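Q: First the structure, which I've put down as structure tokens, then a few questions once you've had a look.
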Amino acid sequence: MSTGPEPPSLGLSNLRRIAVVGFLALLVLVAPVAGILAWEPVDEGNIKVVKKWGATTGTVFEPGAHFVNPVSQSTSSLSVRPQSYTMSAQQNEGQQTGDDAIRVLTEDGLRTDIDVTVRYRVDASKAVDFYRKYRTLDTAEERLIRPSIRSILRTEAGRLPVTEIYTGEGQTRLKLAAEQELGAQFANDGLILEAVQIRNVELPAEYAKAVEQKEITEQRRQQKQSELEVEKLEAERKTIEAQGEADANRIVSESLTNEVLAQQYIQRLDETDTVYIPVGGDGYPQFVRNLESGSNSGSSSSSGSNSQSTRSGQSTGNDTATADS
């Protein structure tokens, strides 16, 4: 009984041929994808730590494009840009929500809140060490930066009285202590410390009020002192002016002798049609009497006789006038 035509038999050579063609087709499809995966780009401001089968190799890729084996190699990216970690009492100012200021006790046992910012970056030359210990920046901030800065500031603040901790000198002391100790710790962990900023020192309410009152009192004292100094200078100025006027009057008084006054009087007579002649109690013009009193004794005697004669005549005339009237 016939069962129909038998299918053509595939020989071993044909199977090999089909396998080769299929492999080549797969290679054509996979090669572009594998080629893309083999290139590892690194953006500016970042580095990539190279790993093989999950373990770090000690190789770090700088910004640019690099070739990796997509089967056995992988990379982890790290930013080398400047970073900042802030602990503050202000809402949403730091990495933590809510009040995150560092609370310390001063030397005299008063509680003070400190706002601080730590500025740092990953040391590219020690990126492998950093990655092996922390993996990410967030982990480093929680495990290294946060506890370290709290401990350092609490220790240093405990050496300062409250009267100093809020001053510029006290804050500088906190800053320098933190930079010195934190910088040493960072160097061992693949980080570079750029700066520690003491943003604010919040004093206890009762002490802050006392400080404010003291400052107000000091300002008033300084204002009063300034007013007293102004008054003193004004008094000195008036004294100098008065002394100057007195000296000037003295000089003028010494220069105005009887002869000078008489001469000036006579010169003024030509400048006016009305002449007022001051007469002394003895009936003589005042300047004439003054001149007579300043003459020498010989002249005085002679003039005295003449004056007496004249005065007698004048007196007689007056008496006559009186009698006639």
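The values are calculated or read from the model by the stated rules, or taken from the named source; none is laboratory data. These figures come from a predicted structure and were not determined experimentally. When we count neighbours, we look across all protein chains shown, and the Cβ atoms used for this are built from the backbone with ideal geometry, even at glycine.
Q: Being modelled with pLDDT under 85 and among the basic types (Lys, Arg): is that true of Arg220 here?
A: On the way: modelled with pLDDT under 85: yes; among the basic types (Lys, Arg): yes.
Yes: the conditions hold for Arg220.
Q: Additional query: Hey, Glu93 hits all of (1) crowded, with 16+ Cβ neighbours inside 10 Å; (2) of a type outside the set (Gly, Ala, Ser); (3) not in a loop (DSSP other than H, G, I, E, B) but one; which does it fall short on?
A: Among (1) crowded, with 16+ Cβ neighbours inside 10 Å; (2) of a type outside the set (Gly, Ala, Ser); (3) not in a loop (DSSP other than H, G, I, E, B), the lone unmet condition for Glu93 is (3).
Q: Please work out if Ser76 is of a type in the set (S, T, N, Q) and either modelled with pLDDT of 90 or more or not in a strand (DSSP E or B) (or both).
A: So Ser76 fails the test.
Q: Quick one: would you say Arg81 is among the basic types (Lys, Arg), outside any loop (DSSP other than H, G, I, E, B) and under 22 Å from Ala140 (Cα atoms)? Reasoning before the result, please.
A: On the way: among the basic types (Lys, Arg): yes; outside any loop (DSSP other than H, G, I, E, B): no; under 22 Å from Ala140 (Cα atoms): yes.
It is false that Arg81 is among the basic types (Lys, Arg), outside any loop (DSSP other than H, G, I, E, B) and under 22 Å from Ala140 (Cα atoms).
Q: Would you check if there is a residue in segment 14-36 being in contact with a Gly (Cβ under 8 Å, 6 or more places away or on another chain), outside any loop (DSSP other than H, G, I, E, B) and modelled with pLDDT of 55 or more? So that I can check it myself, show each step before the final result.
A: Of all residues in segment 14-36, those in contact with a Gly (Cβ under 8 Å, 6 or more places away or on another chain) come to none.
Within segment 14-36 (the criterion being in contact with a Gly (Cβ under 8 Å, 6 or more places away or on another chain), outside any loop (DSSP other than H, G, I, E, B) and modelled with pLDDT of 55 or more), the answer is no, since none of the residues qualifies.
Q: Please pick out the residue among Leu137, Leu110, Leu153 that is of a type in the set (A, V, I, L, M) and either crowded, with 20+ Cβ neighbours inside 10 Å or under 27 Å from the mean Cα position of the chain (by Cα) (or both).
A: Details: Leu137 fails: either crowded, with 20+ Cβ neighbours inside 10 Å or under 27 Å from the mean Cα position of the chain (by Cα) (or both); Leu110 fails: either crowded, with 20+ Cβ neighbours inside 10 Å or under 27 Å from the mean Cα position of the chain (by Cα) (or both).
Just a single option satisfies the conditions, and that option is Leu153.
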